[in-house]
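Data block below; observations after.
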Amino acid sequence: MDLTSGPFLGLLVLATLAAAAAVVILWDRLARPGPVPVLGRVAALVVVNLFVLATVGAAANDSFGFFADWTDLAGAFASAPHASTSTHGGSAGIAAGTAVAGGGGLPSPPRTLPPLPPGQRGQREFAYTVTGPLSGLTGQVFVDLPASYRDPSARHRRYPVIETFHGYPGVPRQWLDRMGLPQVLDAESAARHVAPALVVAPQIEIPPGRDTECVDGGPGFPALDTWLTQDVPDWVVKTFRVRTDRAGWAAAGLSAGGWCAAMASLLHPARYGAALVFGGYFGAKFGSAYRPWPPGSPLLRRYDLIAQVAAAPRPVAMWVETSHSDHTSFASTEKFLRVVRPPLAVHLVEFAHAGHSILLWAGLVPEAVQWLGAEVPGFRAVPAEG
């Protein structure tokens with residue numbers, strides 16, 4: 001019986017109710033004086049509470065995907081899950097460094113940038129409310145600056161950017177807090193494995209709580225794709241000292257945000273040279289309450305990334321994580337890999353048994369950042385002088 005199956009959870013609920021009923025029925029027998037009845041009462045309460053905890057844990061696991069199966073659960077008490085790696089398509093360096101014809105790239109930076117908002121000395125993280133002129137949407141954007149950003153010696157330096165996409169449900173700070181991306185960038189840039197970079201974390205639920213899958217809807221629906229891939233990057237270029245070549249921009253996402261990162265890079269390759277996809281998928285997965293376009297709409301075809309890549313692979317360097325036990329990610333990723341060919345380049349990190357969980361993904365962030373610094377030209381660390 002699968003760890004995440006409905007029958008297993010149902011069996012646990014029945015066992016918990018049966019244990020509680022048994023304690024109620026037998027309590028009179030256990031209420032006698034003496035050490036044996038006392039031990040019996042303690043044992044009965046312990047058993048009931050263990051069943052309650054197991055039921056709550058199984059329900060939480062079904063909702064949040066901490067463990068994908070029994071092997072994954074057993075591995076939590078042993079060593080970390082083992083992953084295999086493979087490459088598909090072309091060269092990551094060539095993919096990210098190739099110029100994309102046809103326009104659609106980032107704008108030129110202005111001659112003068114606005115000052116940073118007032119804050120504490122040494123403050124690196126700022127929250128903005130941004131209104132997109134193209135999408136008409138207004139949302140929150142968090143920006144984490146590299147430690148050297150305000151150093152006078154770096155006043156002419158332009159930094160690469162990682163735009164992050166949180167899961168659903170989630171908040172923009174997910175990559176700043178639970179995934180720890182700024183701290184990983186600090187450590188890896190200090191070790192000269194990657195260049196210091198800005199982290200830009202926009203809100204992807206507009207309105208809050210709605211799973212829009214980061215797409216542009218039809219009439220009457222929000223244009224999240226336009227907000228995330230055009231309005232937000234254009235605002236970043238006009239507000240901070242950042243690179244404007246595609247090799248200096250990467251999209252990163254987890255779960256539903258992994259889909260958003262894949263979508264952003266593959267549909268807008270003139271803006272993003274790379275993508276980091278943690279437990280993502282390659283076709284929009286809407287809930288039953290949200291249908292942004294009718295069946296047969298051109299937008300439906302636009303957001304079928306597998307068909308898009310099969311027809312015309314883009315020059316994008318992608319780091320992709322999935323697991324055979326990840327029911328959200330694996331089947332879609334497997335189909336995607338079948339159509340990958342140059343100039344698209346994919347570095348795959350594949351687990352046999354691992355969960356669809358931030359607990360797993362947070363531990364993989366250093367590996368993904370190191371890959372970014374080694375393979376993507378705009379994120380390569382500057383050699384130490386002398």
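Please treat every number below as a calculation from the coordinates, not as lab data. Because the structure is predicted, anything quoted here is derived from the model rather than measured. A quick note on method: Cβ atoms are made from the backbone with ideal geometry, for glycine too, and the neighbour counts reach across all protein chains shown.
Most exposed first by the Cβ proxy, i.e. fewest other Cβ within 10 Å, how do SER288, SER325, SER265 rank?
In increasing order of surrounding Cβ atoms, one gets SER288, SER325, SER265.
Please arrange MET179, MET318 by counting, for each residue, the other beta carbons lying within 10 Å of its beta carbon, fewest first.
MET179, MET318
Can you give me the angle between helix 35-64 and the longest principal axis of the chain, using Cα atoms only, in degrees from 0 to 90, rounded to the nearest 10?
Between the helix axis and the principal axis of the chain, the angle is about 30 degrees.
Nearest 10 degrees is fine. How inclined is helix 358-375 to the longest principal axis of the chain, computing both from alpha carbons?
For 358-375 against the chain, the angle is about 20 degrees.
Between 0 and 90 degrees, rounded to the nearest ten: what's the tilt of helix 181-190 against the longest Cα principal axis of the chain?
So the helix axis and the longest Cα principal axis differ by about 60 degrees.
Just to verify a number: FRET efficiency for TYR128 and SER108, C-beta to C-beta distance, R0 = 22 Å, to 0.05? Don't skip to the answer; put the middle values down first.
Values: r = 21 Å, r/R0 = 0.96.
After rounding, the FRET efficiency stands at 0.55.
With contacts defined as alpha carbon pairs under 8 Å and 6 or more residues apart, what's the relative contact order of the chain in percent? Working shown, then result.
Numbers: 752 pairs, mean separation 86.4, N = 386.
After rounding, I find 22 percent.
Along segment 206-213, what does the Karplus equation 6.51 cos²θ - 1.76 cosθ + 1.60 (θ = phi - 60°) give for ³J(HN,Hα), rounded to whole Hz, x for Gly and Pro?
10, x, x, x, 9, 8, 8, 6
Order these by the 10 Å Cβ neighbour count, fewest first: GLU350, GLU213, GLU125.
Fewest to most other Cβ atoms nearby, the residues stand as GLU125, GLU350, GLU213.
Classify the chain as rounded, prolate or oblate from the Cα gyration tensor: take a ≥ b ≥ c as the square roots of its eigenvalues, call it rounded if a/c is under 1.5, otherwise prolate when a/b beats b/c and oblate if not.
Because a/c hits 1.5 or more and a/b exceeds b/c, the chain counts as prolate.
How far apart, in nanometres, would the label points at ILE94 and SER297 be if each is projected 7 angstrom from Cα along the Cα-to-Cβ direction?
Placing both labels 7 Å beyond Cα along the Cβ direction yields 3.8 nm.
Calculated from DSSP H runs of 4 or more alone, at -39500 (n - 2.57) each and per residue, what is the 222 nm mean residue ellipticity of the chain, nearest 500?
-11000 deg cm²/dmol
Counting only residues 5 or more places away or on other chains, whose amide H sits under 5 Å from the amide H of ARG157 once H atoms are built in the peptide plane?
So ARG157 has HN proximity to no qualifying residue.
Over every pair of different alpha-carbon atoms in segment 217-358, take the mean of 1/r and invert it; report that Kirkwood radius in Å.
15.8
For LYS335 and VAL42 in one chain, what is 0.36 nm times their gap in residues minus the Cα-Cα distance, to one decimal in nm? Don't jump to the answer; show the numbers that get you there.
Numbers: separation 293, 0.36 × 293 = 105.48 nm, distance 5.33 nm.
Result: 100.1 nm gained on full extension.
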